[in-house]
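The values are calculated or read from the model by the stated rules, or taken from the named source; none is laboratory data. Given the structure is predicted, the values throughout are model-derived calculations rather than measurements. All Cβ positions, glycine included, derive from the backbone under ideal geometry; neighbour counts span all protein chains shown. Side chains are part of the model used for accessible areas, which takes the heavy atoms of the whole protein and leaves out ligands, DNA and RNA. Shrake-Rupley method; radii C 1.70, N 1.55, O 1.52, S 1.80 Å.
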Amino acid sequence: MKLSPVLRMCYEYSNFPKAYIEKAMFKGGKRETAGLAGIKIRKKKKWHYGVSRPWEEENQQENRPGVHHPKVFLEPIKEWKVMRGDLVEVLVGKDKGKQGHVNYIVKQRNWVFVDGLHCKYEYITQETGLKPTMVKKELPLCVVNDVALVDPSDNKPTEIQWRFTEEGERVRVSTRTGRIIPLASMVHETKDYKSKSTYKEQPKDTTAEDLEVISYKPNVKTFEQDIMDSMGIVETKKPAKTWWY
Amino acid sequence: MDLMEFFDVDKNWGENEIKHGRSWRKEELRIKSNQDLHKLWFILYKEKNMLLTMQQECSELGELFPSPERIEKVDESMENLQEVIEERDAAVTELETGTSGRKGDWQHTPFGTVRYRLFKEHAVPPWANPTVKAWNQLPRAGYAIWKFQSRLREQRIRTKHRERRREENHERKLKEIFPHSQID
């Protein structure tokens with residue numbers, strides 16, 4: 001089951017299967033009808049991606065039936081160079097020239113959110129509280145123009161290329177100095193674990209040792225015949241004649 | 001034989017999130033014996049039943065069903081298991097008979113075309129089956145078929161042309177908005 005590159009890279013953190021994400025999107029069709037009889041919900045052809053993920057409430061509300069959004073023109077990018085956890089410099093806005101780490105990426109809009117920079121302040125009223133509290137929210141930055149990766153040797157923004165080392169490893173190299181920019185450890189983090197080695201086994205999981213056990217011995221028996229032989233089932237009845245056409 | 005196996009472990013009731021692993025991959029299933037796969041199938045089947053009952057119960061009581069992606073992961077494992085077993089059976093039939101897979105043949109459709117149809121198992125021979133006779137007596141040509149096919153061809157040309165136009169316009173607009181992009 002191969003995931004398309006865009007879907008895989010966007011949702012690596014969530015570790016959700018593709019079928020689950022697709023079920024959350026593109027609702028509507030012949031069988032989906034609204035509460036009142038006679039109103040048909042048309043099948044959604046284009047999903048509008050936003051700050052939150054498609055399976056979350058906010059994005060589902062943006063894509064409710066009857067709501068239309070203006071068309072989003074995305075600049076096509078061949079290879080994504082900015083990954084989660086990278087040190088990046090902001091080139092526009094109030095925080096121009098400041099450096100921060102990337103904590104959220106939305107590939108479907110070419111958006112990157114930097115921790116603490118390029119923010120807006122807004123008042124949010126809690127339902128239980130009385131006074132509205134001020135909250136700092138990061139605004140999206142365009143990957144192509146608004147943001148640049150920082151070269152660790154001189155702490156200045158650079159252009160990046162993906163190249164191969166002598167060993168055959170694919171790495172990011174800055175075009176100005178030639179220094180390799182390593183991936184942050186946050187890249188391999190998912191909702192289930194911080195890194196593969198620190199994953200805690202759950203009671204219903206199969207352990208890595210059990211996965212490596214080879215118990216298959218090739219033989220010229222069908223699956224049914226093999227199971228019958230191992231269980232000692234002997235079939236003496238003749239099956240009824242059937243025709244295949 | 002406990003009916004409470006249809007429900008989850010007690011401490012998982014009322015949780016917001018339940019941690020769990022990933023689905024079985026085909027490479028991991030191919031190295032297991034037929035008996036192991038037989039047992040695994042029923043484990044996955046019972047797990048799926050338990051998840052579906054929990055989902056129904058939570059929706060009835062108006063509570064949150066934690067980690068609903070577990071159902072899709074179990075589905076994935078079961079599909080992979082099915083495909084691995086089909087691979088093994090196809091290999092055995094190919095060794096024994098020389099052909100593998102389900103048999104089929106070309107059949108005339110009421111629209112004047114021919115399609116490849118896979119065979120189904122019937123209890124009645126084809127010369128005694130009235131639907132087979134009806135399918136064989138369909139007209140292969142005629143005024144209705146000609147009119148239908150010409151209109152279908154027009155429709156296909158129209159949709160293909162519109163798709164191509166839509167893509168070309170989109171590319172032109174992209175070049176207008178992003179003149180410095182390095183692709184296309």
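Computed values, structure above
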| read-out | value |
| --- | --- |
| Theoretical ellipticity at 222 nm over the protein assembly as shown - DSSP helices of four or more residues, -39500 (n - 2.57) apiece, nearest 500 | -10000 deg cm²/dmol |
| Dipole in debye (nearest 20) - the protein assembly as shown, about Cα centre, beta carbon charges: Lys, Arg +1; Asp, Glu -1 | 2920 debye |
| Inter-site label distance for A:Thr177 and A:Ile124 at 7 Å from Cα along Cβ, in nm | 3.8 nm |
| Calculated P(r) tail over 34 Å for chain A, as whole % of Cα pairs | 44 percent |
| Cross-link reach list, aspartates and glutamates versus A:Lys120, counting only Cα pairs under 17 Å and skipping chain neighbours closer than eight places | A:Asp95, A:Glu138, A:Asp146 |
| Listed residues B:Thr97, A:Tyr216, B:Pro68: farthest to the positive end of the dipole of the protein assembly as shown (Cβ charges) | B:Thr97 |
| Positive-end extreme of charge dipole, the protein assembly as shown - chosen from A:Pro152, B:Pro179, B:Met54 (charges on Cβ) | B:Pro179 |
| Debye, to nearest 20: dipole size of chain A, +1 on Lys, Arg Cβ, -1 on Asp, Glu Cβ | 1420 debye |
| FRET E, pair B:Arg102, B:Lys46, Förster distance 25 Å, beta-carbon r, rounded to 0.05 | 0.25 |
| Loop GluC sites (Glu not before Pro), segment A:115-146, which have at most 13 other Cβ atoms in a 10 Å radius of their Cβ (DSSP) | A:Glu127 |
| Spherically averaged projected area in nm², based on the convex hull that wraps the Cα atoms of the protein assembly as shown | 34.1 nm² |
| Low-density loop positions, GluC sites (Glu not before Pro), segment A:211-245 - DSSP coil, at most 16 other Cβ in 10 Å | A:Glu235 |
| Accessible surface of segment B:83-143, 1.4 Å probe, proportion on carbon and sulfur as whole % | 58 percent |
| At R0 = 51 Å, FRET efficiency that the Cβ-Cβ distance of B:Gln149 and A:Lys136 yields, to 0.05 | 0.20 |
| Volume per residue of the C-alpha convex hull in chain B, rounded to whole Å³ | 346 Å³ |
| Per residue, in Å², the accessible surface of segment A:144-245 once ligands and nucleic acids are set aside, probe 1.4 Å | 76 Å² |
| Environment charge of B:Glu86, counting only residues whose C-beta is closer than 14 Å and scoring Lys/Arg +1, Asp/Glu -1 | -2 |
